[in-house]
1. What's the number of the only condition in (1) modelled with pLDDT of 95 or more; (2) loosely packed, with under 11 Cβ neighbours inside 10 Å that A27 fails to meet?
2. Please work out which one of (1) part of a helix (DSSP H, G or I); (2) surrounded by 13 or more Cβ atoms within 10 Å (Cβ to Cβ) is the condition G56 fails and give its number.
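The values are calculated or read from the model by the stated rules, or taken from the named source; none is laboratory data. Everything numeric in this text was worked out from a predicted model, so none of it was measured. Heads up, the Cβs are rebuilt from the backbone with ideal geometry, glycines too, and the neighbour counts pull from every protein chain shown.
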Amino acid sequence: MTFQSLRLFGAAALLGALAAFAPLAAAKADPAVRTITVSGEGTVSGAPDRAQLSAGVSTAAPTAAQALAANARKMTGVFDALKKLGVPEKAIQTSNFSVQPQYAAVTGDAAPRITGYIVSNQVDVTLEDVKKLGPALDALVGAGANQINSVGFAIKNAGELQTKARIAAITDARNRAETYAKAAGASVGAAITINETGNAAPVPMFRMRAMAGLADAATPTAAGELDVTANVSVTFELK
């Protein structure tokens, strides 16, 4: 085959490739599909079956060693109280420990003077039965805990609730899209893209009376309900 023949063969092949590509190019040049993007939210409520609390002991003494020894004695009582309630060691975790000097008020050019030390030991506790929360608070305070920092609730297996919330969010998004489409004289087709934009769980109500007179009755608590929420952004085809 001569060089001229090769050139003619190459040109013919190129024209064939361009002819094959032409339908694809024409397809891409078609007008874009009409779409509508809306947000949707779904919320499902459930009763919490796990309680969480943060408690601890703060002690003060003239020396760090004395404050530490006093704190250790009281914290030992706190751990013993939790064990008597049946709380396993794996459900108790130290979350904060600090030794802080205390200073006398400074006037003029006087140098700071240490007057004592405060030792603080905090633990996070998980209770697998929310009914044990009130008795646990009573037992902790009775054992020497003088700091109850926080109380919270959770659902052990929230996956099923999360799934229901996501389905509800998609349904909400489609209902919104259909409302807008109907007003515009169109109809809603299939979902093109779905993006989850976040979820949140409000803190449930917690009620606790004054710590005075705890021996008379168990501290009342209210677990309330937890809301599992899903938020989505969905793009639908418009027909």
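1. Among (1) modelled with pLDDT of 95 or more; (2) loosely packed, with under 11 Cβ neighbours inside 10 Å, A27 violates only (1).
2. Every listed condition holds for G56 apart from (1).
Table: residues versus (1) more than 23 Å from T43 (Cα to Cα); (2) modelled with pLDDT under 95.
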| site | (1), (2) |
| --- | --- |
| K132 | yes, yes |
| N149 | yes, yes |
| D172 | no, no |
| N175 | no, no |
| N199 | no, yes |
| G213 | yes, yes |
| T229 | no, yes |
| F236 | no, no |
